[in-house]
Structures are given as structure tokens and as C-alpha cells.
Amino acid sequence: MNVQGRIETPDNDDARAALEVLRAWAAKADPVEVAQLDPAIARLLPGHEVSNYPDLSRDYDATFEADETYKATMPDLQNGPSSLIVGAHTRIEHVGISNFRLPVRFHTRDNGDLTLEASVTGTVSLEAEKKGINMSRVMRSFYVHAEKTFSFEVMEAALDDYMDNLESFDARLMMRVSFPVKRPSLRSGLEGWQYYDIALELIETGGVRTKVIHLDYVYSSTCPCSLELSEHARASRGQLATPHSQRSVARISAVVEPGEVLWFEDMIDLARAAVPTETQVMVKREDEQAFAELNAANPIFVEDAVRAFAERLLADARIGDFRIVASHQESLHSHDAVAMLTEGETFASASVDPKLFATLIHQG
């Protein structure tokens, strides 16, 4: 009610009068008009509910059971007609779930079993005329096999299941784990657990399956140039100088040849043999001195590192195509020194993820 441009607060009599006016209008109006103004108005009309805004229950019914007849009436937009597709009617290479976590049991090289928390990524291809996929089917297919000791063979069974369930042609399944290995110190005799970020990947494209193991290997890299310059300062001027070293990370991705077995421990041993300056877990003074000596005996540029890893990979008959991406996170520069080396068609690409090298960090 306006009084000289001022809005007064309505009282109960004002509200009652307004309600009577609203009811009088709604009683004569078309139900659609009521809904367009405000569907809630229908609740104010005794005996005049509109079909598109029923009086819904707000109490959760814990006893309700969805039987097959009821479930058959439920909408499923993801499996709807192509007319529901948003955007271009084009094929999607990968659609699915990422970082689905569960405990998974793995068999180790020394004939033991180890249960680790795994992060699972499962995707399938989607044809141009299909609206979408039911994401939960990827998870359900994986859970069918989750109690088994995992291997590439078990992953293949899970992949078969969800490709059948989702009627897809191409698919990808990946499991990421942090794999523990007890490592001795260099001289003191102490031991500590080293954790390796490892992923198993199974890819099916055009009916051909590819098995890949990915390993992030963390090591120390002493700059050969800095080492020589430091020694020059000592020899020529009696000047104390230290070469710069830095924590470095290499991501080694290797295709396992058909019929071959490549253990997690095999990949780790390969990396340690190529570049022995792995970062240490437990360290006393004698270990720190030993590590300084080990670095001085193995100075390495990033170019040297990827070639050293490649030499080991090429010599292993179990390994086919591979890719090595390395980052030396410089203590001299405010930028990193990086390199990438590939062998074969599996990892060949004219373009790389713009943040690829930025992902090569050690999550301590």
C-alpha cells in the first residue's frame, strides 16, 4: 500500500485481503496462467491443484523399494535419442570417470601380495549419434574384478565388461598407485621406504590392445658444467666452489610387448641402473657424504638423462615403444631444464600438453 511514495509494512488484515483477491483471480484463471505467475499459488487454492505442480511430499521414504516395473518408468537422458545431443554431433574419443579410488591387491616380484590404494581412470569412445554413457557402469564393471589380485589380465577382463556394457569400440583403463620399496642408506645401514608413482594403462583402439607402464623416478642431477667450473676455481685460484645439483623427475612410459611380464620392480631397477643418483630416504652424515660423492661420479645434463634411460629401455626385449620426459628443476636458474625422447609410434605426437613438464614434480 503506497502512501505518498512510501511502502508500509502490511499487517494480517492486508495479507488476508490480498489472499482473497489472489484466490478470486486464480479461481477464474487458466491453470497454466497460475503456474506461469507462480506454481506455488496452486497450494493456496482449496481443491484446485494444477497437474504440473502437485502437492509433493517432503518426507524421505526409507522403506520405498524400486522394483523392475518402477525402474522401467525412470528417465535415462544419457541413453536418449540423438535429438538431445548438445553441440556438434561428433565422435568423442574418451569419456568416463577419473580418480575413482579403491583398495587393490597387487602381486609383487618376490611372490608376495600388497594392497594399495588405487586411483582408477576408465573411459570409452562415444559415437557421434549417441547422447552419452552411464558413468556408473564403468565403476560397476571394475568392482566385479576388484577382489582379485590385479594384473594386466584382470584389467583386460574389466575392460571387456565395460566395453560390452557401454557398447563401445575403443576404451582405456588406467590405475595409479604409490608403490613402496624399502631402500638401504648408502653407508650407515639404515633403511627407509621409497615410494614410486606408478600407473598401469590398458588401451584398446581399433581392436588392438596396448599395455603401458608409467613410472615417475626422482633423482638428483649434478650439472657437469657447474662441476667443471667449480673444480677450475679450486685448481686455478684456490677458491672454494660447489657445483649446483637439483631434485629431478623423469616420467618413463613403456609399452609391454605381448606375452611379456614387466614387474613394477623391474621398471624401478631399470631407472636406478640408468641414473643411480636416486634421492635418499634415511640419511646420516656418512650417507650425505656418500651421496655427494655419488653425484660427483655421475654428473648429468637433462639430455644425458633421457638418453641414459633410453639405452636401458632399448636393451630390454620386454619393452616396445617408450617415452621419457625429464625435468631438472634447476637451483641455478629460475626455470627448469626439460627434455622428451620417444621411440616408436605409440607416443609420437606433434603437440604436447602445455602443462606436461609442470606435472613432473615430486609430491613429498
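The values are calculated or read from the model by the stated rules, or taken from the named source; none is laboratory data. Since the structure is predicted, the reported quantities are computational estimates derived from the model, not experimental observations. Here the Cβ positions follow ideal geometry from the backbone for every residue, glycine too, while neighbour counts run over all protein chains shown. For the accessible areas, the whole protein counts, side chains as well, though only heavy atoms, and no ligand, DNA or RNA atoms are used. Shrake-Rupley method; radii C 1.70, N 1.55, O 1.52, S 1.80 Å.
Things worth noting here:
- Candidates Leu229, Leu186, Leu215: the one that is touching a helix residue (DSSP H, G or I) at 6+ places or on another chain (Cβ under 7 Å), at pLDDT 95 or above and either of a type in the set (S, T, N, Q) or open to solvent by 30 Å² or more (accessible area, probe 1.4 Å) (or both) is Leu186.
- Any chance Tyr195 is assigned to a strand (DSSP E or B) and free of Cβ contacts under 8 Å to residues at least 40 places away in the same chain: yes
- Considering only residues in segment 56-69 that are modelled with pLDDT under 90 and open to solvent by 100 Å² or more (accessible area, probe 1.4 Å), the one that is nearest to Arg172 (Cα to Cα) turns out to be Thr69.
- Filtered residues of segment 323-350 (kept if out of contact with any Ser or Thr (no Cβ under 6 Å at 6 or more places or on another chain), touching a residue at least 24 places away in the same chain (Cβ under 8 Å) and closer than 14 Å to Val212 by Cβ): Ile324, Val325, Glu343, Gly344, Glu345, Thr346, Phe347
- Residue check for Phe100: among the hydrophobic types (A, V, I, L, M, F, W, C) and open to solvent by less than 90 Å² (accessible area, probe 1.4 Å): yes
- Remark: pairs (first residue in segment 10-29, surrounded by 12 or more Cβ atoms within 10 Å (Cβ to Cβ); second residue in a helix (DSSP H, G or I); Cβ separation under 7 Å; 6+ apart in sequence or on different chains) = Leu22/Ile41; Leu22/Leu44; Arg23/Leu44; Ala26/Val34; Ala26/Ile41.
- Test: Ile361 is surrounded by fewer than 18 Cβ atoms within 10 Å (Cβ to Cβ) and either in contact with a helix residue (DSSP H, G or I) (Cβ under 6 Å, 6 or more places away or on another chain) or touching a residue at least 40 places away in the same chain (Cβ under 8 Å) (or both): yes
- Against the test of being assigned to a loop (DSSP other than H, G, I, E, B) and either at pLDDT below 85 or closer than 30 Å to Met175 by Cα (or both), the options Asn99, Asn111 yield a single qualifying residue, Asn111.
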